Amino acid sequence: MLEIKDLHAGIEGKEILKGINLNVNAGEVHAIMGPNGSGKSTLSKVIAGHPQYTVTKGSIDYEVNFKKINLVGMDPDLRAREGVFMAFQYPVEIPGIPTSVFLRAAFNAVCRHQGTVEMDPIDFDKYMREKMKILSMDEKTIDRPVNVDFSGGEKKRNEILQMAVLNPRLAVLDETDSGLDIDSMKIVSEGVNKLRRRDNTIILITHYQRLLNYIQPDFVHILYNGRIVKSEGKELAQEVENRGYDWLIQ
Amino acid sequence: MEANKGNMADIVRQKELEDNKLAAGDYRYGFHTDIEEDKPPKGLNEDTVRLISFKKKEPEWMLEWRLKAFRYWQTMKEPTWPNFEYGPIDYQDIYYYSAPKPKKATPASLEEVDQELLKTFDRLGIPLTEQKRLTGVAVDAVFDSISVGTTHQSELAKYGVIFCSMSEAVIKHPDLVKKYLGSVVPYTDNFFASLNAAVFSDGSFCFIPKGVRCPIELSTYFRINAENTGQFERTLVIAEESSYVSYLEGCTAPMRDTNQLHAAVVELVALDHAEIKYSTVQNWYSGDKEGRGGIYNFVTKRGKCAGVNSQISWTQVEAGSAITWKYPSVILQGDNSVGKFYSVALTNHYMNADTGSKMIHIGKNTKSTIVSKGISSDHAHNSYRGLVKIMPSADGARNFSQCDSMLVGNNCSANTFPYIEVRNNTAVVEHEASTSKINAEQMFYLRSRGLDLEESVSLIINGFCKDVFKELPLEFSVEAVKLLEMKLEGSVG
């Protein structure tokens with residue numbers, strides 16, 4: 001589903017990713033861990049296509065329904081319509097636009113691209129409310145402007161709600177656990193677990209191991225200084241929790 | 001009816017053709033109607049004023065008023081304080097009167113109006129004839145210096161509502177016109193208002209009698225067609241005790257390389273417990289990408305809340321004109337009266353807008369609200385200029401002002417010039433202002449959800465203007481959103 005080969009990327013002339021190689025298959029959950037400044041958030045933004053980051057070398061091959069495309073150079077909206085999703089570490093506020101309006105606009109943009117029928121407001125409302133139940137969200141959330149005056153927990157739930165509504169094939173969750181209390185983390189994690197399917201892939205980007213107690217990854221990768229320095233099964237996360245990162249980066 | 005249907009199909013086809021032909025951001029009302037016009041020579045002197053008055057078959061008192069205004073205007077200087085520059089206007093190089101020559105001396109009904117004119121308004125989306133006219137809104141259609149016709153007049157007459165062109169009102173309702181014309185904006189008010197008083201052509205006259213809630217919306221559509229011609233519309237809306245009216249105004253002009261002058265005056269009077277809602281979508285031609293051509297829009301709009309508990313609200317979407325100079329104001333004279341101003345001003349290419357509001361509090365417990373949203377892109381300048389004045393008599397007066405500017409791109413600018421004068425220490429005046437840029441993170445967030453560049457900009461702009469759009473009548477707000485989207489296409493990248 002996703003094959004990253006020798007990926008070099010950076011921002012404003014500064015190289016941050018220095019040769020990433022990563023293979024992810026459909027149905028798998030991968031965790032990417034690493035100390036601050038190792039390039040975790042850069043990797044997620046480069047996959048999603050943030051225009052301020054430049055890829056200088058390598059490729060990001062993405063394959064859905066036997067169609068393989070290199071994401072490098074593609075506009076972020078086109079990637080999203082092809083099924084790539086990123087949950088933001090710091091979700092952005094859009095004043096004046098109700099969350100429901102934003103969600104429907106995004107959903108219909110994806111539908112149009114994939115050749116399926118767009119949903120009218122009434123059907124979409126039902127569909128959206130079903131998804132909200134997964135995340136035990138307050139009904140009123142979707143009438144409020146996107147992320148404006150949302151608490152930290154509400155913002156993160158809103159990210160996962162977008163994932164539930166858009167139904168991506170590849171979801172990159174960038175530090176979705178940061179700033180969450182333990183109850184919110186449980187709710188968000190349960191939501192993510194319910195969205196796991198055989199045909200989709202989730203990449204969890206996290207600094208701490210605790211999220212992985214709730215969402216069990218199939219693989220754990222340690223990112224350090226722009227490279228993946230170790231890849232193993234889920235036990236690796238526990239080891240990092242016990243020993244820190246230092247032993248990995250000698 | 002068959003012929004009619006064919007006609008509609010033609011219009012639709014014509015529109016589709018134009019839509020396909022127009023590139024992003026083009027002005028779709030830029031066409032010119034080829035029609036024979038009655039157009040006295042260029043230039044301005046007392047004879048010009050007399051001629052206009054004569055053409056309109058005005059009574060002597062009207063001409064006298066015009067002449068007084070003209071003499072006063074000659075002593076005045078064009079203001080230089082607005083925050084923009086423009087080439088000098090040669091007032092002797094303008095036609096002050098231009099009217100399509102009627103095929104019939106006096107058309108008995110709208111059906112008899114020149115086909116070319118009816119077609120023009122059809123193309124603008126304002127069908128006038130009885131079979132095709134818009135339901136739910138009465139239209140006065142003004143073409144250059146004259147009103148072509150007014151729909152729904154007989155229906156409105158049943159309610160005692162008078163809705164006609166200003167020229168007609170001067171002749172048919174002289175007492176009302178004498179009483180109210182110039183009562184809010186005197187002919188001495190300012191340079192452009194004095195000029196207007198001297199040479200005003202057509203506009204609309206609305207009178208809502210005591211206790212009547214006007215059953216449909218009233219509207220005027222202003223069209224400039226003739227070249228090198230100034231348009232000097234004059235509109236007067238009077239709402240008697242406990243009446244209500246919602247009034248809409250729309251404007252367009254052909255695309256030309258030269259600038260054209262538009263200097264309008266609008267006066268509103270609300271008596272005890274009356275309410276007037278005045279909404280404008282202004283889309284005069286704004287010039288091309290290099291800033292050539294476009295309308296100079298110098299407008300004086302003012303309402304007087306003369307009675308207790310009266311209310312006047314101005315809602316405007318200013319998206320056209322090379323230059324906009326306009327400060328819709330409310331004089332809050334009656335105790336407990338309420339004034340509101342909601343504005344979206346969009347400038348792109350080389351457009352200049354210097355616009356805002358004045359709220360003059362005189363009565364006790366008077367309240368005013370100003371919400372202004374300025375959007376500037378390309379090389380445009382956008383200024384908010386406003387005055388909140390609390391007079392010594394205005395115990396318990398309140399004002400809230402919010403002025404937000406949004407910049408799209410790096411070559412445009414936005415300014416805010418708020419003037420606050422408080423002469424009563426029981427007053428509460430609040431002012432908030434902000435300037436923001438369409439920010440890259442917002443754009444990335446929306447695009448990462450599948451929305452393309454244009455959809456993303458449109459969502460952000462819609463959110464930014466929401467407080468104003470929600471004040472517009474529904475059809476108008478849909479039109480306003482489309483207009484802004486069209487204008488901003490290609491500005492963000």
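The values are calculated or read from the model by the stated rules, or taken from the named source; none is laboratory data. This is a predicted model, so every value here is computed, not measured. Backbone-built Cβ (ideal geometry, glycine too); neighbour counts: all protein chains shown. The area values use the complete protein model at the heavy-atom level, side chains included, leaving out ligands, DNA and RNA. Shrake-Rupley method; radii C 1.70, N 1.55, O 1.52, S 1.80 Å.
Of everything in region B:356-369 that's open to solvent by less than 10 Å² (accessible area, probe 1.4 Å) and closer than 20 Å to B:W81 by Cβ, which residue is farthest from the chain's Cα centre (by Cα)?
Result: B:M359.
I'd like the full set of residues that are in a loop (DSSP other than H, G, I, E, B) and of a type in the set (K, R), limited to region A:180-215.
Selection gives A:R196, A:R197, A:R198, A:R210.
State whether the residues of region B:33-47 include one that is in a loop (DSSP other than H, G, I, E, B), closer than 15 Å to B:N225 by Cα and open to solvent by less than 20 Å² (accessible area, probe 1.4 Å).
Checking region B:33-47: at least one residue is in a loop (DSSP other than H, G, I, E, B), closer than 15 Å to B:N225 by Cα and open to solvent by less than 20 Å² (accessible area, probe 1.4 Å).
Mind checking which strands (runs of 3 or more DSSP E) fall wholly inside region A:67-152 and carry at least 1 residues that are within 14 Å of chain B (Cβ to nearest Cβ) and surrounded by 18 or more Cβ atoms within 10 Å (Cβ to Cβ)?
In region A:67-152, the matching strands (runs of 3 or more DSSP E) lie at A:84-87, A:94-98.
Within region B:258-315, how many residues are at negative phi, modelled with pLDDT of 95 or more and outside any strand (DSSP E or B)?
7
Table: residues versus (1) more than 10 Å from chain A (Cβ to nearest Cβ); (2) of a type in the set (D, E); (3) under 28 Å from the mean Cα position of the chain (by Cα).
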| position | (1), (2), (3) |
| --- | --- |
| B:G450 | no, no, no |
| B:L459 | no, no, yes |
| B:N462 | no, no, yes |
| B:E471 | yes, yes, yes |
| B:A480 | yes, no, yes |
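Quick check on my filter: what residues within region B:416-475 are within 18 Å of B:S376 (Cα to Cα) and touching a Ser or Thr at 6+ places or on another chain (Cβ under 6 Å)?
If the condition is that a residue be within 18 Å of B:S376 (Cα to Cα) and touching a Ser or Thr at 6+ places or on another chain (Cβ under 6 Å), then B:A433, B:T435, B:M443, B:F469 are the ones that fit.
Going through region B:196-225 one residue at a time, which ones are in a loop (DSSP other than H, G, I, E, B) and crowded, with 24+ Cβ neighbours inside 10 Å?
B:F200, B:S201, B:D202, B:G203, B:I224
Could you tell me which residue of region A:216-250 is surrounded by the most Cβ atoms within 10 Å (Cβ to Cβ), considering only residues that are among the small types (G, A, S) and part of a loop (DSSP other than H, G, I, E, B)?
A:G226
Within region B:307-323, how many residues turn out to be crowded, with 24+ Cβ neighbours inside 10 Å and either among the hydroxyl-bearing types (S, T, Y) or out of contact with any strand residue (DSSP E or B) (no Cβ under 6 Å at 6 or more places or on another chain) (or both)?
Final tally of qualifying residues: 3.
Yes or no: region B:441-464 includes at least one residue that is at pLDDT below 85, open to solvent by less than 70 Å² (accessible area, probe 1.4 Å) and more than 28 Å from B:F341 (Cβ to Cβ).
no
Based on what the data block shows, is B:L128 under 25 Å from B:A264 (Cβ atoms), buried (at least 21 other Cβ atoms within 10 Å of the Cβ) and touching a Gly at 6+ places or on another chain (Cβ under 6 Å)?
yes
If I filter region B:396-411 for residues that are loosely packed, with under 15 Cβ neighbours inside 10 Å and closer than 26 Å to B:D288 by Cβ, do I get at least one hit?
yes
So, in region A:24-41, exactly how many residues are in a strand (DSSP E or B) and without any contact (Cβ under 8 Å) to a residue 60 or more places away in the chain?
0
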